[in-house]
Structures are given as structure tokens and as C-alpha cells.
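Colleague: Sending over a structure as C-alpha cells; questions will come in a sec.
The values are calculated or read from the model by the stated rules, or taken from the named source; none is laboratory data. For clarity, every value in this text was computed on a predicted model and none was experimentally measured. Using ideal geometry, Cβ is built from the backbone for each residue, glycine included, and neighbour counts are taken over all protein chains shown.
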Amino acid sequence: MKLLVWLLVLLNVGLLVYFNSDVIAPKPIAVNHSINPEKLKILSQQELDAMPTKVIHTTAPTPEPIAQPVVSAAQVGTSCYKWGNFTKTNLPAAQVALVRLDLQSVVNQEEIAIEDRRYWVYYPPLKSAALAQQKAAEIKDLGVQNLYIVQDSQWRNAISFGLFQDETLASNLLNELQDKGVNGATKALRNPGKSLSSLLIKAVSAESALQLHKIKPEFIGTELTPAACP
């Protein structure tokens, strides 16, 4: 009986040792002899920086379009101008000229005391625009290029050579015209008086501004200047 008990104990111990052999006596770890420790080298920071890096490409999300403010065509590259000073006789002609240029204007009445005198050198009005153009061409052939055909109602079709505050300058110009053979030119004192009007011209493009400066000399004594838009 005792022999049987010892046999069972020995059998159990043998089975325990067999199934736990990895724990009791672990297997040796295989060494990779392809790695030679003596050939290992510690890299410097410069060598690490010089090593190629792998770039991971990612697809960035497409940004949503930003809504742009709506700007009307009239607001792009436009400005306002003040054109004055007009008398009752030449104001309507200036308004007609603005209509031809497709420009809008507002009339401002001004009471200005004009104390300075201005001297105008001009050729008296002709009977028609065609005769004025013909006479202007004849005068240009004599070597006079600085002239304008007046468009305001009182002096329509007159030919203007200049407007001066100094009477001496006006007299000198008149003498030069006569020396060149311009017969019929004259000098007169021009004072529009106290009651004047000005035009506030809105939404003037760069091209329209050039046209305004071209027609401005046709209206004697007027001034064209940039102005604040209302």
C-alpha cells in the first residue's frame, strides 16, 4: 500500500516537472551573430541631420471660399468733382456738356464777392460752330496752338486765348497774337459778379475726368477741382 502511494507521488512530480520545464529551466536565447558590436557607431547630431527623412504626404482639407463684398461698377475707380464758378448764362451749357458725358451733377448756388479783376484775350463769337472751327484752324496755322472755342451761351463760338489776373500778361499775349497776324483778337475785363453757381459732379471715372479737363477751358473763368463725395 505504501509503495503504491509513493509511486503516485513520484508520477505527479514527474508530470509537474514535464509540463513546467520552460519555467524551471528556460531555453537559451538565440544570439544573432550577424550583428557585430565592434562595428556599431554612435552618430553625431550633424550626421543625424544629414540623414534623409521620410516625408508623409497628407491631403489638407480644401478651405471654404470666403464671401467677397459686392461692389457696384459705379463705385470702382470713381470720384467727385466741383466745377464752378458759373453765371446764369453759361451754367446751362455746362449742364448740357455733362449730359453728353453721361455724368450726373447737382447745382449749388453760392454768393461770392469777387474783388479781383480778370482780363480775357479772345476772338469775338462767330455766327456758327462751323465758322468758329474754321477760324480756329486758320489761327493755328499762324502758329497759335493754345486756344479754345467757347461753348457757354453768352460767348458761344468765341475763341479764347487766355484769362489773366495781371493785365500786363493779357496785353503781352494780345501783342503776340497781332504780331503773328491774328487780326480781330481783343482784350476785355471780365468780372462775373457776385451770384455764382457750381456743379457737384458725382461718380466720375478716370476717363470722364480727362474729358472734363478737356472741355473746362471752353467755359471762361471756371475752375475744376476734386471734391468730397456726399
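Colleague: Restricting to strands (runs of 3 or more DSSP E) lying wholly in region 128-206: which have 3 or more residues that are over 22 Å from V99 (Cα atoms) and in contact (Cβ under 8 Å) with a residue 24 or more places away in the chain?
Modeller: 159-164, 186-190
Colleague: Return the residues of region 106-132 that are modelled with pLDDT under 90 and either crowded, with 18+ Cβ neighbours inside 10 Å or within 27 Å of T186 (Cα to Cα) (or both); say none if nothing qualifies.
Modeller: Residues satisfying the conditions are A113, I114, E115, D116, R117, R118, Y119.
Colleague: Let me ask something else. Can you pull out every residue in region 134-155 that is surrounded by 14 or more Cβ atoms within 10 Å (Cβ to Cβ) and under 27 Å from P92 (Cβ atoms)?
Modeller: K135, A136, L147, Y148, I149, V150, Q151, D152, S153, W155
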